[in-house]
Amino acid sequence: MNIHLAGKTAIVTGAASGIGLAIAKVFAEAGANVVVADLDSATGEQACAELRASGATCEFIQTDVANTESVQRMVTAGAERFGGIDVLVNNAGLQYIAPVIDFPEERWNLLINVILTGTFLCSKYVLPHMIRRRWGRVINIASFHAKVASPFKSAYIAAKHGVLGFTKTLALEVADHNITCNAICPAYVRTPLVEKQISDQAARHGIPADQVVARIMTEPAAIHRLLEPEEVASLALYLASEFTNGITGAAFDIDLGWMARS
């Protein structure tokens, strides 16, 4: 199956590293114009330079997805630069680990605002561009934690469950405009976010860091390893393509068999 996105423009949030960068790369390789949206200017510019060096057409736009004005500026600038927006990947996220009784309220608000409100804001301001074109793809990077829970991650899990509900609602609202909305639910992916979690989980559970992946992150799965960002990116590319006109409101597990026990 050859997937081509020539002539399409995609916004990828949190695209400076990890899953977002992997998605930006495969979209660019498929011919899309890519808006690299990220809060971190230094890594965002570096990611965009890396993409351009491989022949991609891209633009870095510093974006705080939790801020309405920042999102509006990013969407407007991207649409003006490339003539419209066809694909949105809501990927920006962060993590904080603590029991509910100790969970700092400012951290709760930050995670909810970035992961859930950010998904809402980016979708809201991109949709008019897709509606005008009578075509669009909204792809939300959720998590297997959008379906199951783990201790000490209340804000993240609440936000990701919200993303899944938002995905279904948006799919129902925009179907008549030939726009689809789907979610990808990965297990643990080898990213800077997960690398930081390893040390946090080691401290929380009182075990050595080198045992966290085996005993906490992958033990319940069928396949005992971390996912690679490129595996998630390949699924995002498929969902962005013309081959998925009939798929919407769905949540795709790429979880190494975590959900097989549910």
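The values are calculated or read from the model by the stated rules, or taken from the named source; none is laboratory data. Remember, predicted model here, so these are calculated numbers, not experimental data. Cβ sites come from the backbone with ideal geometry, for glycine too, and all protein chains shown count toward neighbours.
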For the stretch 145-176, enumerate the residues that are polar (S, T, N, Q) and crowded, with 16+ Cβ neighbours inside 10 Å. Ser154, Thr167
Looking at this structure, is Ala98 of a type in the set (Gly, Ala, Ser) and out of contact with any Gly (no Cβ under 6 Å at 6 or more places or on another chain)? yes
Considering only the stretch 114-129, I want to know if a residue exists there that is of a type in the set (A, V, I, L, M), surrounded by fewer than 18 Cβ atoms within 10 Å (Cβ to Cβ) and either within 20 Å of Asp38 (Cβ to Cβ) or without any contact (Cβ under 8 Å) to a residue 12 or more places away in the chain (or both). no
Condition first: crowded, with 22+ Cβ neighbours inside 10 Å, out of contact with any strand residue (DSSP E or B) (no Cβ under 6 Å at 6 or more places or on another chain) and not hydrophobic (A, V, I, L, M, F, W, C). Now tell me which residues in the stretch 26-78 satisfy that. Asp38
Looking at the stretch 202-234, which of its residues are assigned to a helix (DSSP H, G or I), out of contact with any strand residue (DSSP E or B) (no Cβ under 8 Å at 6 or more places or on another chain) and under 19 Å from Ala142 (Cβ atoms)? Met217, Glu230, Ala233, Ser234
Could you please tell me which pairs satisfy a Cβ distance under 9 Å, a separation of 6+ or placement on different chains, a first residue in the stretch 217-242 that is modelled with pLDDT under 95 and buried (at least 20 other Cβ atoms within 10 Å of the Cβ), and a second residue that is part of a helix (DSSP H, G or I) and polar (S, T, N, Q)? Met217/Gln197; Met217/Gln201
